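Right, one structure below, let's go through it.
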Amino acid sequence: MITQQVNKLIELLLPAQCLVCALKSNNKLICLYCEKKILLERTYCKHCALSLIKNADYCGDCLKKNNFFHHIHALGDYKKPLSLLIKQLKYQQQLIAGELLASLLIKSVLSRYSKQQLSEFDYLLAVPLHPKKLKQRGFNQAQIICDHLCKRLDIPLLENCITRRKETTAQEGLSIQKRKVNLSGAFACNKNNPQKISGKSILIIDDVVTTGATINSLCQLLKEEEVNIITVFCISRTALDKEMGN
């Protein structure tokens, strides 16, 4: 907590420069050039947001299987500069990077969804971290992004309802099947939470979606609790073959 406060103070004292290219940015976190480049329209699957080479509506994977979520919206692919900003947030505790990522995601969302569409979401839910991981890191990066969206989009947070009860091993490098096994039963629902989710529309927030194993595990639990519609917003969507090669 002290480290986070010190970092925040340093951020306030530093001269305003673009967090991506380090050039002057007129007292903003990102310059207009870098922002425009990140927000460029890309070709992606309309269901899972996976980047596509050809101009098609859906990827081959989504044509063959069903997911528990309605669709995913991603700010962009998991590559520079988004990948660097995510790592700065998660592993270097640069919370200002989270503020920028959330701001960019919000602009991307507002360019795609109308106010009416956004008003149909009942709750925002950040993908939970296991308590041990949360203690180690000091914060949940998805929650930081989620908090900014809550303020800007005026959608209430779903708090203390879903927990991560299973301490899973690192997902990176695991096959799709092993990821599913790793995340089986990872999440639990607090039945005593006053916020009722049955019949509701929930918007899940995460930083990176790769195979979708984490998201689908969480969505499966929500569907068991009779949630009506589940949509996912994330910062980056990772190509499967690229991630599996790491």
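The values are calculated or read from the model by the stated rules, or taken from the named source; none is laboratory data. Here the structure is a predicted model, which means the values were calculated and not measured. Here Cβ is always computed from backbone atoms with ideal geometry, including for glycine, and neighbour counts include all displayed protein chains.
For the reader, a short list of remarks on this structure follows.
- Subset of the stretch 99-151 [closer than 16 Å to L85 by Cα and among the small types (G, A, S)]: A102, S103, A142
- Output for the stretch 43-59, where each listed residue is surrounded by 13 or more Cβ atoms within 10 Å (Cβ to Cβ) and under 22 Å from the mean Cα position of the chain (by Cα): Y44, C45, K46, H47, C48, A49, L50, S51, L52, Y58, C59
- Qualifying residue in the stretch 91-98 (condition: under 26 Å from Q143 (Cβ atoms) and under 13 Å from the mean Cα position of the chain (by Cα)): yes
- Top-ranked residue in the stretch 31-63 [being among the charged types (D, E, K, R), in a loop (DSSP other than H, G, I, E, B) and over 12 Å from A74 (Cα atoms); ranked as modelled with the highest pLDDT]: D57
- Candidates L157, L174, L153 - the one that is crowded, with 16+ Cβ neighbours inside 10 Å, modelled with pLDDT under 75 and touching a helix residue (DSSP H, G or I) at 6+ places or on another chain (Cβ under 7 Å): L174
- Any hit, the stretch 121-140, residues being assigned to a loop (DSSP other than H, G, I, E, B), surrounded by 12 or more Cβ atoms within 10 Å (Cβ to Cβ) and aliphatic (A, V, I, L, M): yes
- Residue match in the stretch 60-74 (condition: of a type in the set (S, T, N, Q), surrounded by fewer than 21 Cβ atoms within 10 Å (Cβ to Cβ) and either at positive phi or under 12 Å from the mean Cα position of the chain (by Cα) (or both)): no
- For the stretch 100-107, the condition holds for at least one residue, the condition being that it is modelled with pLDDT of 95 or more, aliphatic (A, V, I, L, M) and in contact with a Phe, Trp or Tyr (Cβ under 7 Å, 6 or more places away or on another chain).
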